[in-house]
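First up is the structure itself, then whatever we jot down about it.
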Amino acid sequence: MRANEIKDLIIKGDAAGTAWGVEEMLAAGLAVDDIIQGILVSAMNVVGERFREGQIFVPEMLIAARAMKAGLKILEPLILQAGRKYLGKVVIGTVKGDLHDIGKNLVGTMLQGAGWDVVDLGVDVAPEKFLKAVKEQKPAAIGLSALLSTTMGSMKTVLGLLEQEGLRSQVKVLVGGAPVSEKYATEIGADGYAPDAGTAVHVFARYAS
Amino acid sequence: MNSKERLTRRLAGKPVDRAPNCNLIMAFAPLYIGKPQSQFYLDYKVLVESNLRVAKDFDLDILGAISDPFREVFDFGGKVEFPEDDIPLCSDNLLKSYEDLPKLQIFDPYRSTRMQDRIQGIELYKREAGSEYPIMGWVEAPFAEAVDLRGMNEIMLDVYDHPEKLHQLLEICLEAEIRSAVAQIKAGADLIGMGDAAASLLGPDLFGAFALPYEQRLIAAVHEAGALARLHICGNTTAILNLMKLSGADIIDVDWKVNFKLACETYRGYAAACGNFDPVAVVQQGTPARIREAVWKCLDAGDANTLIMAGCEIPLSTPHENLKAIAEALRDYPRY
């Protein structure tokens, strides 16, 4: 199987085919990093692009992300063995009072594929929990997600809390979600904004160590 | 001209004193009258009192029974939390596996808890202001209800992994929503709004397979019971505008990410478009001048039957002068 064929399997969301293809690549002697960057990440970049252009939609993004994860899973033991070098650590979560996680999960999967060490705090995450994670995990960046206009205010609370604790300069804060805009991100003092998961990967890339 | 006459005439494309103000009010209402959020979701008397106050003070033209997406989930037996002063949360999916599908019992709205509360709210609206205002009942559309019961990620994968099981679930949801809608119409609802937020995440093919046919059947049942139907799909629905017009809805809400002129043109001859300025950037954070500009832009883009609202719910912390500015912009529009 050729690299392009495996990329197509990921784009189509064929998890079993992707896993099989990755095993073949390994057997053929391709390096782990080359498989990740040249096939898995490259395929997800295409998926992100097609999503931004309105050629595919959320279910197609999800099955592609699942296929990519199936490929990553095959590589995991080798990654652990070799001690993978991450781009850095990212903490993500959906803010307090909000249980919507589809966008946040997609961002997590895409970041993971792109080479970030991702800590996912889940949904309905209190500002104090983000603060604790920044203290303990020392991430390069945190990503806050909200789908409701009633919950997006919590993003500002997180930023205020980081400021109050003197941690704001140590971590970049990115925000996203349906009601959130670039303007809102600027107003609350966030470092960045992404309208979708594909863009989030590009924005987070600025903060890679 | 009262609100009921205004909406009826506008939908028929007849002259009106001003376009109807059809904003969706939920969490804003209890805050406005100083009641805890939880009471709004659990006690129809608070829902009715707060919405009546908001409608009167800000010149809204529809009294809505919309509150949160979890009335049906609760009555199906799901676990919903009601924080004292926050919106309801449903953190545990009731239908974790399709093996449990046979256990999912369709509730009787008259013997349920939360749908029964909504029905009582409509009866109270009818008594208090039924001759003056159109009363809008609310249900989840079947696809949205399936998501509420099973989880967003799960349903988004089910469309590929378990399409037949998903259709079985959708049939159950449809039946529950039809019963709930008909009960609300019998209680006095003039129109039934239905939310299908999750459907905006689907492309045209999947929307046509899993959302639209069930919306059509629900709307047909609403019409048969003698009420109008309003379809509300939050999010960017540009890719499915052409399909949404086939739903049969009399009013189709248009969220702010959609080009309103395109939506009005698409729905012409099918439904009244209702929209569509940005609820956060314009209504919550904008100035009265910016709001006037946004409202007039929508009216300029529309037809004689176009209705006006922010693309989605009026945010909780919207300044009162901004909500007043919507009403003033509608009143002062010079080109009706």
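A few points about this structure:
- The calculated 222 nm mean residue ellipticity attributable to helices in chain B amounts to -14000 deg cm²/dmol, summing -39500 (n - 2.57) over DSSP H runs of n ≥ 4 and dividing by all residues.
- At full extension, B:GLU293 and B:THR8 could sit 100.0 nm farther apart than now, given 0.36 nm per residue minus the alpha carbon distance.
- Average beta-carbon neighbours from other chains, 10 Å sphere, peptide A:173-183: 3
- Averaged over B:146-157, number of beta-carbon atoms from partner chains that fall within 10 Å: 3
- Of the DSSP H helices in chain A, those that are both long (alpha-carbon extent of 24 Å or more along the helix axis) and hydrophobic (Kyte-Doolittle mean at least 0.5) are A:58-82.
- C-alpha center-to-center spacing [segment B:201-229, segment B:83-113] in angstrom: 22 Å
- Counting only alpha carbon atoms, the long axis of helix B:163-187 and the longest principal axis of chain B meet at about 50°.
- From least to most packed, judged by other beta carbons within 10 angstrom and beginning with the fewest, B:CYS312, B:CYS264, B:CYS234 follow the order B:CYS264, B:CYS234, B:CYS312.
- Result for chain B in a Gaussian network model with C-alpha springs under 10 Å: among B:LEU174, B:LEU24, B:LEU246, the largest mean-square fluctuation is at B:LEU246.
- The simple Förster model, with R0 at 35 Å and r as the Cβ-Cβ distance, assigns B:ASP332 and A:GLU163 a FRET efficiency of 0.25.
- In segment B:51-94, trypsin sites (Lys or Arg not before Pro) in a DSSP loop with at most 14 other beta-carbon atoms within 10 Å: B:LYS79
- For the pair B:LEU246 and B:GLU171, a Förster radius of 22 Å applied to the C-beta separation gives a FRET efficiency near 0.65, rounded to the nearest 0.05.
- The phi torsions of segment B:100-116, fed into the Karplus equation with coefficients 6.51, -1.76 and 1.60 and a -60° offset, translate into couplings of 8, 4, x, 7, 6, 9, 6, 7, 8, x, 6, 10, 8, 9, 7, 5, 4 Hz, rounded to whole numbers, with Gly and Pro shown as x.
- Rounded, prolate or oblate (a/c below 1.5 giving rounded, otherwise prolate when a/b exceeds b/c) for chain B by Cα gyration tensor: prolate
- Neighbour counting of Cβ atoms within 10 Å sorts the residues B:ARG335, B:ARG10, fewest neighbours leading, into B:ARG335, B:ARG10.
- For residues of A:58-66, the mean tally of beta carbons on other chains within 10 Å: 5
- Chain A, helix-only ellipticity at 222 nm - DSSP H runs n ≥ 4, -39,500 (n - 2.57), divided by all residues, nearest 500: -17000 deg cm²/dmol
- Taking the number of Cβ atoms within 10 Å of each Cβ as an exposure proxy, the fewest-first ranking of A:MET1, B:MET309 is A:MET1, B:MET309.
- Highest mean first, the peptides A:105-113, A:140-148 sorted by other C-beta atoms within 10 Å per residue fall in the order A:140-148, A:105-113.
- Distance from segment B:125-159 to segment B:58-74 (C-alpha centre basis), Å: 9 Å
Readers should treat all values here as calculations from the given coordinates under stated rules, not as data from a laboratory. If you're wondering where the values come from, they're calculated on a predicted model, not measured in any experiment. FYI the Cβ positions are ideal-geometry reconstructions off the backbone, even for glycines, and counts take in every protein chain you see.
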